[in-house]
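The values are calculated or read from the model by the stated rules, or taken from the named source; none is laboratory data. None of the values given here were measured: they were computed from a predicted structure. Methodologically, a virtual Cβ is constructed for each residue, glycine included, from the backbone with ideal geometry; neighbour enumeration extends over all protein chains shown. When the accessible area is computed, the model is the full protein with side chains, heavy atoms only, and any ligands, DNA or RNA have been set aside. Shrake-Rupley method; radii C 1.70, N 1.55, O 1.52, S 1.80 Å.
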Amino acid sequence: METKNQKLREWVAEVEAMCQPDRVEWVDGSTAEYDRLMQLMVDCGMATKLNEQKRPNSFAFRSDPSDVARVENNTYIACKNQEDAGPTNNWIDPVELKKTMTELYTGCMKGRTMYVIPFSMGPIGSPISKIGIEITDSPYVVVNMHIMTRAGDKVIEALGEDGEFIPCLHSIGAPLAEGQEDVPWPCAPIEEKYIAHFPEENLIWSYGSGYGGNALLGKKCLALRIASNMAREEGWMAEHMLILRLTNPEGHRFHIAAAFPSACGKTNLAMLQATVPGWKVECIGDDIAWMKIGDDGRLHAINPESGFFGVAPGTSDKSNPMAMRSLDENSIFTNCALTDDGDIWWEGMDVPCDHAIDWKNNEWTPESDNVAAHANARFTAPAAQCPVICEDWEDPAGVPIDVFVFGGRRTQTVPLVTQALDFDHGVFMGAMAASETTAAALDVGQKLRRDPFAMLPFCGYNMADYWTHWFAMGDKLGDKAPAVFYVNWFRTSKEGRWLWPGFGENSRVLKWMCERVEGKVGAKETPIGHMPQDGDLDLSGLDIAPEDVTELLTVDAGAFKEDLADGEAYLAKFGDKVPERLRAQLEAQKTRLG
Ligand code: O2Y
Ligand code: MN
């Protein structure tokens, strides 16, 4: 569709002149377009159509082995002053970076098609949504953006003549010379990959990678890094949070937004099947929440995305049956294994596989030394296909948030659940969030990574200023601020046995949170916050040893003091930018711990 938006026409012409593609296509978002691009990719060997009987209208892709995940070391915040990016971001001078990247972009689309993708993050027309335009030379990106965002003509219509948009330029960085044969997954070498954010002009430039968060620019780049900065300036919140609705047996609805670092089961929690009789969970989003204060003074959240870009390995009918049903059809699989009957497979799928073609296109059997699917293999599936998608998941007004949850993977020290003493204490909990990373092959033991609000790789400005923004939002919300909790599903016994069963049983913890909000259930006050005391947590019908429950809900003051010392050392990185209120929370917690 022709756009009347002059600014957009000028930007597209400018990019075309720089990147020199063979042709330009405006993405209309139609099914016919999706089918055509998929066929094009099947014909050139980039995509494999899966068995139509097993998984209708679904396709598998294999990336280059050098292009399999987000590249944090090549991800930049380019703003004038380094202090504005803060110590947790890779800062770079915007003028210098633009010079480097302009050289790379010059002629980078030769031999390729340049696609212009108009997309909306959030339902079109919602006061919380934003429009972006991604220019890319990757048809794989186009089909993924069809699923992950609302893309095409309807966005051009909504943009009108003078609507605002966030320009997102992407190139795989692999021009084709005359007569040069293409490869199945073209991309640039790691030293030429740049994922760049210019928060002072709300601009994204990505070069060299075709994978996930590096290339689907609506997700981590726009909806988190750029949006977090816009949110601070405009007085709202862009968070790395799932959104779910929990309904109790009386039909009362609660909305929970929860932030967890990677590998903590975020998608599983978003689609959880409650084991507590009469309680029901519905999914609104599995990764990102955009929240604004509504006319009622409460915080209203939308999921800016329209699909799931989930980690495949470990997803099974046991761990997440609702995710499995979401990808029964119309889905894209990247770096999964291909079975002999034309379907996909991955480790932890909980179905046997005797032979497959692995993600590197080699024969694979269970005896092989390598995995069949890459550990970061992904599915892209339409959110609307999730059997427990909430009927209001696309409500332009969003859903009112009752509860914030933070968490991480901690085998020791951190109890199953704690409620913050007040909102400021909740901000402190979020700022101190940390998770154990699985040791790399040659490392010994496990490492604790501080990941404040699960935003470490995604906060587009100085993290200390982000904490200040959280306090400011708390002040605006006053007594309408959500209650804040911290959870840890991953506590183990001294022998390394899981103390908490997890999965659907986590609904017991969510129930306690909701009943705390309603003032229906008790708690004991501890130095680290409110915790369930005997009988507060609904454990009926659960086969769990009483001593395990005691261990899950005990505060080891000594261990917490050590943790606090580690947290204090972490805060020192931010110097005098750390908000006074955060320091005060830390001191108060120290005093309470004795
Ligand atoms: O590897 C990638 O590019 C994907 S990262 C990702 C994808 C979906 C949801 N969350 C994440 C993440 O890293 O938090
Ligand atoms: Mn995420």
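What are the residues whose amide H is under 5 Å from the amide H of TYR461, where those residues sit 5 or more places off or on another chain and H is modelled from the backbone?
Sorted by chain and number, the residues that satisfy this come to none at all.
Are there trypsin sites (Lys or Arg not before Pro) in the range 496-546 that DSSP marks as loop and that have at most 15 other Cβ atoms within 10 Å, and which are they?
Working: sites: ARG497, ARG508, LYS511, ARG516, LYS520, LYS524; in loops: ARG497, LYS520.
When the trypsin sites (Lys or Arg not before Pro) of the range 496-546 are filtered for loop state and at most 15 Cβ neighbours within 10 Å, ARG497, LYS520 remain.
For the range 308-382, with all protein chains present and a 1.4 Å probe, just round the carbon and sulfur fraction of the accessible area to a whole percent.
Numbers: 1500 of 3020 Å².
Carbon plus sulfur share of accessible area: 50 percent.
Would you list which aspartates and glutamates come within 17 Å of LYS520, measuring only between C-alpha atoms, while excluding same-chain residues fewer than 8 positions from it?
GLU250, ASP402, ASP534, ASP536, ASP538
Packing-wise, with mean Cβ within 10 Å as the measure, how do 392-401, 129-138 rank, highest first?
Put in order of decreasing packing, that is 129-138, 392-401.
Using only alpha carbons, build the gyration tensor for the chain and give me the equivalent ellipsoid semi-axes, biggest first, whole Å. Provide the component values of the computation, followed by the final result.
On the way: eigenvalues 300, 159, 108 Å².
Calculated on Cα positions only, the semi-axes equal 39, 28, 23 Å.
Which far-off residues, 5 or more places away or on another chain, put their amide H under 5 Å from the one on GLY122, with H placed in the peptide plane?
Result for GLY122 returns ARG150, GLU305.
What residues have an amide H closer than 5 Å to that of SER331, excluding those fewer than 5 places away on the same chain, when H is modeled at 1.01 Å from N in the peptide plane?
The answer is SER58, PHE59.
Can you give the net charge of the other residues whose Cβ lies under 13 Å from the Cβ of LYS520, counting K and R as +1 and D and E as -1?
Net charge around LYS520: -3.
Just the number please: accessible area per residue for the range 83-131, 1.4 Å probe, all protein chains included, in Å².
37 Å²
With a ≥ b ≥ c taken as the square roots of the eigenvalues of the C-alpha gyration tensor of the range 432-566, please select rounded if a/c is under 1.5 and otherwise prolate if a/b is larger than b/c or oblate if it is not?
oblate
Taking θ = phi - 60°, what integer Hz values does the Karplus form 6.51 cos²θ - 1.76 cosθ + 1.60 yield along the range 205-222, in sequence order, with x for Gly and Pro?
Result, rounded to whole Hz: 10, 10, 9, x, 10, x, 9, x, x, 6, 10, 7, 6, x, 7, 6, 5, 7.
If I model a spin label at HIS355 and GLU164 as a point 7 Å from the Cα along the Cα→Cβ vector, what separation in nanometres do I get?
Modelled inter-label distance: 5.9 nm.
With the convex hull built on the Cα atoms of the range 1-66, state its orientation-averaged projected area in nm².
Dividing the Cα hull surface by four gives the mean projection, 6.9 nm².
Taking square-rooted eigenvalues a ≥ b ≥ c of the alpha carbon gyration tensor, is the range 371-495 rounded, prolate or oblate, where a/c under 1.5 means rounded and, failing that, a/b exceeding b/c means prolate?
Here the range 371-495 falls in the oblate category.
Using the structure shown, select from LYS292/LYS476; LYS447/LYS494; LYS54/LYS219; LYS447/LYS511 the pairs with a Cα to Cα distance greater than 21 angstrom.
The answer is LYS54/LYS219; LYS447/LYS511.
Over the chain, what relative contact order in percent results from Cα pairs under 8 Å that are six or more residues apart?
14 percent
Once phi is turned into θ = phi - 60°, what whole-Hz ³J(HN,Hα) does the Karplus curve with 6.51, -1.76 and 1.60 give for every residue of the range 379-389, x standing for Gly and Pro?
Coupling constants for the range 379-389: 10, 10, 9, x, 4, 5, 7, 6, x, 10, 5 Hz.
Throw me the Rg/Rh for the range 308-382, computed over C-alpha atoms with Kirkwood Rh, two decimals.
Rg divided by Rh gives 0.94.
Pop the C-beta distance of ARG592 and GLN412 into the FRET formula with R0 = 25 Å and round what comes out to the nearest 0.05.
Details: r = 20 Å, r/R0 = 0.80.
According to the calculation, E is roughly 0.80.
Per the helix-only calculation at 222 nm, which mean residue ellipticity applies to the chain, given -39500 (n - 2.57) for every DSSP H run of n ≥ 4 and division by its residues, nearest 500 deg cm²/dmol?
-7500 deg cm²/dmol
Is the range 117-160 best put as rounded, prolate or oblate by its Cα gyration tensor, with a ≥ b ≥ c the root eigenvalues, rounded for a/c under 1.5, and otherwise prolate when a/b is larger than b/c, oblate when not? Walk me through the numbers on the way to the answer.
Values: a/c = 2.40, a/b = 1.78, b/c = 1.35.
Prolate, since a/c reaches 1.5 and a/b exceeds b/c.
Can you work out ³J(HN,Hα) from phi for every residue in the range 285-293, in order, using Karplus 6.51 cos²θ - 1.76 cosθ + 1.60 and θ = phi - 60°, giving whole Hz and x for Gly and Pro?
x, 10, 9, 9, 10, 10, 10, 10, 6
With a sphere of radius 12 Å drawn around the Cβ of SER435, what net charge do the other residues whose Cβ falls strictly inside it have (Lys, Arg +1; Asp, Glu -1)?
Combined, the nearby Lys, Arg, Asp and Glu give +4.
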